[in-house]
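Before we start, here is the structure in question, set down as structure tokens.
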Amino acid sequence: MDPIDDHYRIMKPAWPLLLNVLLIGGIIGYTVGCGGEEPSPRDSAPESTISFRDDGDLSFLRGDAEVVTIDIEIAETDSARQRGLMQRTSLPDRSGMFFIFDRQERQSFWMSNTPIALDLLFVNEDSQIVDVDRYARPFSTDPIPSDAPARYVIEVPAGFADTYGLVEGERVTWTRE
């Protein structure tokens, strides 16, 4: 007998089982993965809005003069910094998120799962604004790196930096409630 015929005779009873495993696996994969594609950031929007938590105040200073003060939600743990303003559909007037990092270094953000446009202000450990990134695009996965090392990052609604004329070299001061 030919070895190929012998192999086929041994494998023949296994074909229906193998076919069922493949079909069931394909159906499960299709159901779980929605056709094998990753969900888009817009598909993962929450059903409820995440409320703003007022943790303190932050003032922007030009010289010795206060330009504007905002309420801040502080993100100082790894999980809070990773979540940031993702899935927030709005922010109260004159408010933002204040990110505190363990050390000063170049920081990089992205807008994945963030449905509102933002301005990002990168601040060094001397409380000086070292970079301003305006009008970050919602849902973008493009990195938003700081031009200089920063210890803090402030996210505010897009247009905030232009409205108040905030630029590199100005300072911030903040207090925790």
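Quick check on region 81-90. Is at least one of its residues part of a strand (DSSP E or B) and more than 14 Å from the chain's Cα centre (by Cα)? Let's see the steps before the verdict.
So in region 81-90, the residues part of a strand (DSSP E or B) come out as none.
No.
Which pairs turn up if I take residues in region 48-69 that are open to solvent by less than 50 Å² (accessible area, probe 1.4 Å) and look for partners that are in a loop (DSSP other than H, G, I, E, B) and small (Gly, Ala, Ser) with beta carbon separation below 9 Å, at least 6 apart in sequence or on another chain?
Going by the 9 Å Cβ cut-off, the qualifying pairs are 61/127; 67/165.
So, in region 149-177, of the ones that are farther than 21 Å from residue 63 by Cα and assigned to a loop (DSSP other than H, G, I, E, B), which residue ends up most open to solvent (accessible area, probe 1.4 Å)?
Taking the candidates together, the pick is 177.
While we're looking at this one, here's another question. Condition first: loosely packed, with under 14 Cβ neighbours inside 10 Å and in a strand (DSSP E or B). Now tell me which residues in region 97-118 satisfy that. Outline the logic, then answer.
Let us first name the residues in region 97-118 that are loosely packed, with under 14 Cβ neighbours inside 10 Å, namely 102-103, 105-106, 108.
Within region 97-118, 102, 103, 105, 108 qualify.
Can you name every residue in region 127-148 that is open to solvent by less than 20 Å² (accessible area, probe 1.4 Å) and either without any contact (Cβ under 8 Å) to a residue 24 or more places away in the chain or not in a loop (DSSP other than H, G, I, E, B) (or both)?
Keep residues of region 127-148 that are open to solvent by less than 20 Å² (accessible area, probe 1.4 Å), which gives 129, 131-132, 136, 140, 144, 146.
Across region 127-148, the qualifying residues are 129, 131, 132, 136, 144.
The values are calculated or read from the model by the stated rules, or taken from the named source; none is laboratory data. Values in this document were obtained by computation on a predicted structure and should not be read as measured data. In this analysis, Cβ positions are derived from the backbone assuming ideal geometry, glycine residues included, and neighbour counts consider all displayed protein chains. Heavy atoms of the whole protein, side chains included, go into the accessibility calculation; ligands, DNA and RNA do not. Shrake-Rupley method; radii C 1.70, N 1.55, O 1.52, S 1.80 Å.
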